[in-house]
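Worksheet: one structure, shown below.
The values are calculated or read from the model by the stated rules, or taken from the named source; none is laboratory data. Since this is a predicted model, take the numbers as computed values, not measurements. Please note: Cβ atoms are built from the backbone with ideal geometry, for glycine as well, and neighbour counts cover all protein chains shown.
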Amino acid sequence: MTTADLVFTRGPVFTADPARSRASSLAVVGDRIAAVGHDEVRDLIGRTTEVVDLRGKLLLPGFQDAHVHAVYGGVELAECDLTGTVGAAEYLDLIGAYARAHPDHAWITGGGWSLESFEGGMPTRQLLDSVVADRPVLLTNRDHHGAWANSRALELAGVTARTPDPADGRIERDPDGTPTGMLQEGATALVARLIPPSTPKERLAGLLRAQELLHSLGVTGWQDALLGVFGGKPDPSDAYLSAARDGSLTARVTGALWWDRERGAEQIDDLVARRAESPHGRFRAGSVKIMQDGIAENFTAAMTAPYLDGCGCATANTGLSFVDPVALREYVTRLDALDFQVHFHALGDRAVREALDAVEAALAANGWRGNRHHLAHLQVVHPDDVPRFARLGAIANVQPLWAAHEAQMDELTIPFLGPERASWQYPFGDLVRAGATLAAGSDWPVSSPAPLEGIHVAVNRREPETADDRVFLPEQRLDLQTAVAAYTAGSAHVNGLDDAGSLRAGHLADLVVLDRDIFTAPPEDIAQARVERTYVGGRLVHSA
């Protein structure tokens, strides 16, 4: 009789397998699950078997993140980090302290500041000048769709009142046209192109730093949502290839190759070549990322109707479609025929519709090829488009942490969408009821990479540890099993890992142990759970 290398006993075990959702024991041989069940699994315990007594702690499939920027999240951890606070004065203290601690840095870079920290979401160059005037400063905001520059940075970049807005962005200006220091979307590249690029060594260090963090949160695999040159930053693909080759990449990673929105179909041959070079160890790049629009807070998310102004009147602005929607159908059809997965950034309801139209065109031209195209973010989805996900086989890739009342939502989004359109935000419940497949991710470093925090908001539609007792669109709440499945089986499906995401014999032993059973705890306590152990392929990669 085969003996197991590793056995977990005295569960509970949440399997994410519809045939048996709960068990109490699990056995691992090599990198695979050998058995899932109850007391009978103990028969596989031999002299050399490692036995883990769960003692009522929860074993479940390893979490997977369907949309994350791991390398640059890790790189930013070593830069000027403004996450963890929303106070403008605290930001300035942190920036000044970082500059003093790094007198050898030619540029001060980093970010993580929140739009709601400044009136109208608009910090100024003068504020930055007050703490760092002698060196250029460029700090991306929390959502990475804009950046805050000081006067020296604008001067070096030659950004003046006469500088035109780029087609994919906007320079915020004083009444006389002088740049304020706030750059939106593609306008950030006007300054970012001058920043000395990170080195391969720094990118590899960033990846390993991110991997350690993600494993500590129970994440065993992810899809990196942007592999390419963007916003003045170099392509992080080399970090993945290096780590895959030397064995330091312990996570399972799918890479989404960046679609350059300044080019057209001529780049497809380049994408084919890059895909062919990528597979190595636990890394492969078989997805293409198309960013179709921006974000609602700076009015660049593509909407079917105009944004409102501060008085509640319609403006002339309906946001930006970064890729012509007619051309998008052609591009997606060609990519689908070549068996690429397409990973859309689609945040506004027009962008969602344009992406679904492109998937529909590909399906009509090529038939069903099973490429698992997915739309990420889905902040505003027109009700007419909700049933199209199931009909087209398009996967809803959701970032649940954003579906809650907080300052950015209440002050910078809802007033400019209007009541009806604001009620279409993050329609997780409607998507599930309409038969859509859900995957889940964090978009870290835009927001926290902790899956348990995302699951908490998906179930409660409230932020963890908030005094605000309002529930954001309660009819869109998910039950806990559905939310966990989105972060496990759903994201594994998006990432092409059909032998991961659920615990059944023959599947990969990608596992996480929590310090409690969240299925028996009150829903409002989900985010209080902590990861005790994370395994990839039966190997322990994190222990608290």
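From the list PRO464, PRO445, which one is part of a loop (DSSP other than H, G, I, E, B) and over 19 Å from GLN64 (Cα atoms)? Of the residues listed, the single one that is part of a loop (DSSP other than H, G, I, E, B) and over 19 Å from GLN64 (Cα atoms) is PRO464.
For (1) of a type in the set (A, V, I, L, M); (2) over 19 Å from the mean Cα position of the chain (by Cα); (3) closer than 30 Å to SER502 by Cβ, each residue gets a yes or a no:
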site: GLU202; (1), (2), (3): no, yes, no
site: LEU214; (1), (2), (3): yes, no, yes
site: GLY218; (1), (2), (3): no, no, yes
site: ASP224; (1), (2), (3): no, no, yes
site: ASP238; (1), (2), (3): no, yes, no
site: SER242; (1), (2), (3): no, yes, no
site: ASP246; (1), (2), (3): no, yes, no
site: ARG252; (1), (2), (3): no, no, yes
site: GLY255; (1), (2), (3): no, no, yes
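In summary, VAL513 fulfils each of the numbered conditions (1) in contact with a Lys or Arg (Cβ under 6 Å, 6 or more places away or on another chain); (2) in a loop (DSSP other than H, G, I, E, B) with the single exception of condition (2). If the condition is being surrounded by fewer than 23 Cβ atoms within 10 Å (Cβ to Cβ) and not polar (S, T, N, Q), then the range 514-526 contributes LEU514, ASP515, ARG516, ASP517, PHE519, ALA521, PRO522, PRO523, GLU524, ASP525. Considering every residue within the range 202-221, establish whether at least one is under 24 Å from ASP81 (Cβ atoms) and assigned to a loop (DSSP other than H, G, I, E, B). Yes, some residue in the range 202-221 is under 24 Å from ASP81 (Cβ atoms) and assigned to a loop (DSSP other than H, G, I, E, B). Is it the case that some residue within the range 415-433 is on the phi < 0 side of the Ramachandran plot, in contact with a Lys or Arg (Cβ under 7 Å, 6 or more places away or on another chain) and outside any helix (DSSP H, G or I)? The answer is no; no qualifying residue exists. Scanning the range 306-330 for residues that are under 25 Å from the mean Cα position of the chain (by Cα), in a helix (DSSP H, G or I) and surrounded by fewer than 18 Cβ atoms within 10 Å (Cβ to Cβ) yields a count of 1. In this structure, is ASP143 under 24 Å from the mean Cα position of the chain (by Cα) and at pLDDT below 95? Yes; evaluated as a whole, the condition is true for this residue. Listed by position, the strands (runs of 3 or more DSSP E) enclosed by the range 11-58 that each have at least 2 residues that are of a type outside the set (Gly, Ala, Ser) and surrounded by fewer than 17 Cβ atoms within 10 Å (Cβ to Cβ) are 50-53. Note on the range 199-226: residues that are more than 23 Å from LEU508 (Cβ to Cβ) and touching a strand residue (DSSP E or B) at 6+ places or on another chain (Cβ under 9 Å) amount to 1.
Being within 30 Å of TYR487 (Cα to Cα) and of a type in the set (D, E, K, R): is that true of GLU172 here?
On the way: within 30 Å of TYR487 (Cα to Cα): no; of a type in the set (D, E, K, R): yes.
No.
Do we find that ALA492 is surrounded by 20 or more Cβ atoms within 10 Å (Cβ to Cβ) and out of contact with any Phe, Trp or Tyr (no Cβ under 9 Å at 6 or more places or on another chain) in this structure? Criteria met by ALA492.
The set of residues from the range 111-136 being of a type in the set (Gly, Ala, Ser) and within 25 Å of THR413 (Cα to Cα) comprises GLY111, GLY112, SER114, SER117, GLY120, GLY121.
Table: residues versus (1) in a loop (DSSP other than H, G, I, E, B); (2) of a type in the set (D, E, K, R); (3) touching a helix residue (DSSP H, G or I) at 6+ places or on another chain (Cβ under 9 Å).
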site	(1), (2), (3)
ALA355	no, no, yes
ARG372	yes, yes, yes
ARG391	no, yes, yes
ASN397	no, no, yes
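Can you work out which of the residues in the range 229-274 that are in contact with a Pro (Cβ under 9 Å, 6 or more places away or on another chain) and touching a residue at least 60 places away in the same chain (Cβ under 8 Å) is farthest from ILE290 (Cα to Cα)? Filtering first and then ranking leaves ALA239. Taking (1) in contact with a helix residue (DSSP H, G or I) (Cβ under 9 Å, 6 or more places away or on another chain); (2) at pLDDT 95 or above; (3) under 24 Å from LEU208 (Cβ atoms); (4) part of a loop (DSSP other than H, G, I, E, B) in turn, PHE472 satisfies each apart from (3). Quick one: would you say ALA66 is over 29 Å from the mean Cα position of the chain (by Cα), assigned to a strand (DSSP E or B) and buried (at least 21 other Cβ atoms within 10 Å of the Cβ)? When the stated conditions are applied, ALA66 does not pass them. The single condition among (1) in a helix (DSSP H, G or I); (2) in contact with a helix residue (DSSP H, G or I) (Cβ under 9 Å, 6 or more places away or on another chain) that LEU183 does not satisfy is (1).
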